[in-house]
Every structure is written in structure tokens, then in C-alpha cells.
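Heads up, the thing below is written out as C-alpha cells.
The values are calculated or read from the model by the stated rules, or taken from the named source; none is laboratory data. Worth saying up front: this structure is predicted, and the values here are computed from it rather than measured. Here Cβ is always computed from backbone atoms with ideal geometry, including for glycine, and neighbour counts include all displayed protein chains.
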Amino acid sequence: MGRNLLNGLLLIFILFNAQAQFSNVDVKLKSGEIKPLMDVPWFQYQFHIYESQYANKATSADWIIYSPPRFCPMSSWFYVRWGGNITDIDHSNLKKQCDERMFNEKLANLPDQIKSICNCKLVLKTESAANLSNPKAIWISLDDEVLLDDSFKIVADLIDPSENKTSVLLTLGASVSGIFAFDGSQLCKYGGNDVFSNQSGIKKLMALLGSKSNKKIPISCLPDKKGVFDMSTMSYSIWSKKIVGDMKITFDNGEIYALKVRQ
């Protein structure tokens, strides 16, 4: 069994296991809509929550989850308490931990201006735990924009043939996919492959990790370069609970750019 296929099957198992653990949690959006937690696009990517030792407390404990804004690299930090109330100090400590991970790992060596717009904030919290009269726990959205964005976004270092590095954002989503600079401009577009048809980001990610074949995607980049983006080495690490892999872009003129995932 190929490595990517195995990783894809593991990811599918994780998602189905998450359904078993979190299927009794509903989210009350700021819009007033109520959605099952596992139908919330952003939450589907939070593998470290599904696999945590606290997954069996999805309906019985108080949860808070912090995240950066939707245009920043995907990340989250969570805190769970049972038998007591979550305090202001808990919130403060959790935000600090989330910010430090963003600044010191995902956004390391980027300008302070970019870091400042990626400050973490509260996006989900428990309103009520499940009980005999209500078998479902209710969580509250503090940011529908974050939670309803289906795009998977990770930071990578784009390394040109002269070994110059540029930090970029790799994005997979139903409406937006490509390689972006941190000023929001799109540097490259993917194309020409069924994996990148109009489907949700989580389905695209699962397709990439679960395919038996290599994923070599046609790509076009500014100003007028075309080539092939080899994403076949992207995989899910069951040990680090992260998406990992060094990828490369081979342009038609023979230039090869490396992409090293930073998580």
C-alpha cells in the first residue's frame, strides 16, 4: 500500500472517528443558524482535537478554541475544563500560547506587520453541555467567517534555484486554490486536475493524501511561468499530527523551485 494511500485512509478514519466523538455537538452561528459541529468546514481540519485525549469530553466539558483570522495560516489552540468554570486567566493563557505558535513557528522571520494581523482570537466556546433533557452539547461561534471558510492553508518556504526563500501560503478550497503571498496577492494557480474541481477543501486534501498515484498538478505562476507542481510527497504524519512534505515546482524552462512546509 502506497504511503499517500495509507495516510489518506488514516485521515478518513480520523474523520469518521471524530464523527463518533463530536456528532452530539451543535454550533450556534452568529447568523442564528445551527449546524452540526462536524459540518463546520474549519473544524474538519482540526485533527489535533479529534485525536486528543480530551475527544471523549466533547459533550460533557467546557471548551474554548482560539484561532487566527481566516486569511492567516490555519492553526488553533484549545482548552478543556470539567468540574469547574473556565476563567479569564485560562483565556489569556490560551491566547498567548496560540499567538506564540503563530509568531514563532508559522510566521517566523516574517515582518511584524504581518504577524500583528494574525493575532489569535476566540472562535468557539461551549454554551451548554449535554444533559438528560438535551443529548446534544451547544457550542457558540464567535467568528462565522473563520468557521465557514473551507480553505486549508499552510505556510511553506518557496526556494528558488539560487536558494532564496520566500514565505508563501498554500491554499486548497472550493472557491480559492493556489499559492499566495502574505499581502494577499495570488502568485500561482493550480489547474487541469480533477482533484481541484469545485469541491470542498477537506475533500481535495483527502484526495491528495489518499490517491494511489502521484499528484503532479499543472500550475501557472506570475509573471508568465508554467509548469508542474509535484504534490505527491504531501502527507499526514500520525506522529506529529501535521501535514508534512517537501514539494517542488518544475517550470517549462527547466527551473526547479522547492516548497518546504512549515508547521
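Things worth noting here:
- Test: residue in segment 88-95 that is in contact (Cβ under 8 Å) with a residue 12 or more places away in the chain and under 21 Å from the mean Cα position of the chain (by Cα): yes
- Residue 156 vs. criteria of a type in the set (Gly, Ala, Ser) and within 29 Å of residue 229 (Cβ to Cβ): yes
- Of residues in segment 40-72 being among the β-branched types (Val, Ile, Thr) and in a loop (DSSP other than H, G, I, E, B), the one farthest from residue 171 (Cα to Cα): 59
- Some residue of segment 111-122 being of a type outside the set (Asp, Glu), modelled with pLDDT of 95 or more, within 21 Å of residue 29 (Cα to Cα) and assigned to a loop (DSSP other than H, G, I, E, B): yes
- Test result for residue 133, of a type outside the set (A, V, I, L, M, F, W, C), part of a loop (DSSP other than H, G, I, E, B), more than 22 Å from residue 188 (Cα to Cα) and touching a residue at least 40 places away in the same chain (Cβ under 8 Å): no
- Beta carbons closer than 7 Å, at least 6 apart along the sequence or on distinct chains, pair a first residue in segment 170-181 that is farther than 11 Å from residue 152 by Cβ and touching a residue at least 40 places away in the same chain (Cβ under 8 Å) with a second that is outside any loop (DSSP other than H, G, I, E, B) and of a type outside the set (Val, Ile, Thr) for 179/170; 179/187; 179/188.
- Among (1) within 20 Å of residue 262 (Cα to Cα); (2) at pLDDT 85 or above, the one test that residue 202 misses: (2)
- In segment 56-67, the residues that are closer than 19 Å to residue 40 by Cα form Cβ pairs under 7 Å with partners that are assigned to a strand (DSSP E or B) and aromatic (Phe, Trp, Tyr), at six or more places apart or across chains, as follows: 63/78; 63/139; 64/78; 64/79; 65/78; 66/77.
- Cβ-Cβ under 7 Å pairs, at least 6 apart or on other chains, segment 98-113 side more than 14 Å from residue 168 (Cα to Cα), far side part of a helix (DSSP H, G or I): 103/115
- Residue list for segment 58-69, filter: surrounded by 17 or more Cβ atoms within 10 Å (Cβ to Cβ), within 17 Å of the chain's Cα centre (by Cα) and farther than 22 Å from residue 260 by Cα: 65, 66, 67
- Among the residues listed as 80, 123, the single one being of a type outside the set (Gly, Ala, Ser) and within 19 Å of the chain's Cα centre (by Cα): 123
- In segment 243-257, the residues that are under 21 Å from the mean Cα position of the chain (by Cα) and either in contact (Cβ under 8 Å) with a residue 40 or more places away in the chain or loosely packed, with under 13 Cβ neighbours inside 10 Å (or both): 243, 247
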